[in-house]
Amino acid sequence: MRVLLGALLASAAGPACALSLQTVEPRAFGYTVGDLVQRRIVLDPDREGTLDPASLPRPGRSGRWFQLRAVAPAPDGVRLVYQIVNTPEQPDRENLPSVSLRVVSRDGRAQPADIGPFTLAMTPVLQLGPYDKVQSTDLRPDIAPAPIDTSSRRRRILAYVAALPALLALQALPWLARRLSWRRAAPFASAVRALRRLSAHGDDVQTRCRALRRLHDALDQKAGRTLALDNLGALFRAQPALESAREPVEALLAASRAAFFGQAPPPSLQQLMQWAGQLAALEARQAG
């Protein structure tokens, strides 16, 4: 905004009074033929009064370079719209015309006010020579691009990231449920849990007998019948994956028979848990 002091002449009815009118000027460079240029003259109606409409310039040609296209009065001043109607052969500077106005003060007195010219840098439509004739000191830096608002996209990405584990969990939930239900229903895995609970009661003969009976029940459940050493082949025909555990199964059944008939004490809990763990591992591998 460029502030121009209007030259106010003293009226015959009273002493001279200095008025300050403001002009909002266009940029001072970057024009060629056909461009529109706007000047806005602003004053404070409470302090300075109003512009006399009869003093406003009329649209029309103004010299060689400009034509006044529009005069738009406003409550706080007036807007003058010029169009460049000629083109220089080389880059050059030309002045928007000065304006002589009258300001009517609040007491009804009219005082003159002059708005001075404003210089513009203009260029031809096609420039073949160097741009060294006009060197504008009003050049402005490049306008930085407005930042792109990415807040909504960031929120969407964060929502996706937060939802991804839930989606993966939903996808894995059926498999996990089947896996957990199988592990609970698997005979040897269930026997391992039972033996761990029994181990909390010590390693006496009664606890060993209960653990041996629990592991024997798991073998019967796996084979689908009551097992003994003479029908052990039924287990491996029903569960071929347990074939590699034939030796510990035979030892387990032999220990069970000896304990049942009082020929020998039952194996220790550590030995029973070792056999149960080996069978549970083969059972899990078969299910996986």
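Just the residues that are over 19 Å from E243 (Cβ atoms) and part of a helix (DSSP H, G or I), please, taken from the stretch 262-288.
L269, Q270, Q271, L272, M273
L36 versus (1) over 51 Å from the mean Cα position of the chain (by Cα); (2) modelled with pLDDT of 90 or more: which is the lone unmet condition?
For L36, the failing item is (1).
I'd like to verify a number: residues in the stretch 199-234 that are among the charged types (D, E, K, R) and either assigned to a loop (DSSP other than H, G, I, E, B) or touching a Lys or Arg at 6+ places or on another chain (Cβ under 9 Å) (or both), how many?
Total satisfying the criteria: 3.
Take the residues in the stretch 45-67 that are surrounded by 14 or more Cβ atoms within 10 Å (Cβ to Cβ) and charged (D, E, K, R), then tell me which one is nearest to L80 (Cα to Cα).
The residue in question is D52.
Which one is farthest from A255 (Cα to Cα), of the residues in the stretch 217-234 that are crowded, with 16+ Cβ neighbours inside 10 Å, touching a helix residue (DSSP H, G or I) at 6+ places or on another chain (Cβ under 6 Å) and aliphatic (A, V, I, L, M)?
Residue satisfying both the conditions and the ranking: A223.
I'm trying to understand the selection: among the residues of the stretch 71-130, which are of a type in the set (D, E) and either within 14 Å of L51 (Cβ to Cβ) or assigned to a loop (DSSP other than H, G, I, E, B) (or both)?
Scanning the stretch 71-130 gives D76, E89, D107, D114.
The values are calculated or read from the model by the stated rules, or taken from the named source; none is laboratory data. Computed from a predicted model, the values in this text were never measured in an experiment. Methodologically, a virtual Cβ is constructed for each residue, glycine included, from the backbone with ideal geometry; neighbour enumeration extends over all protein chains shown.
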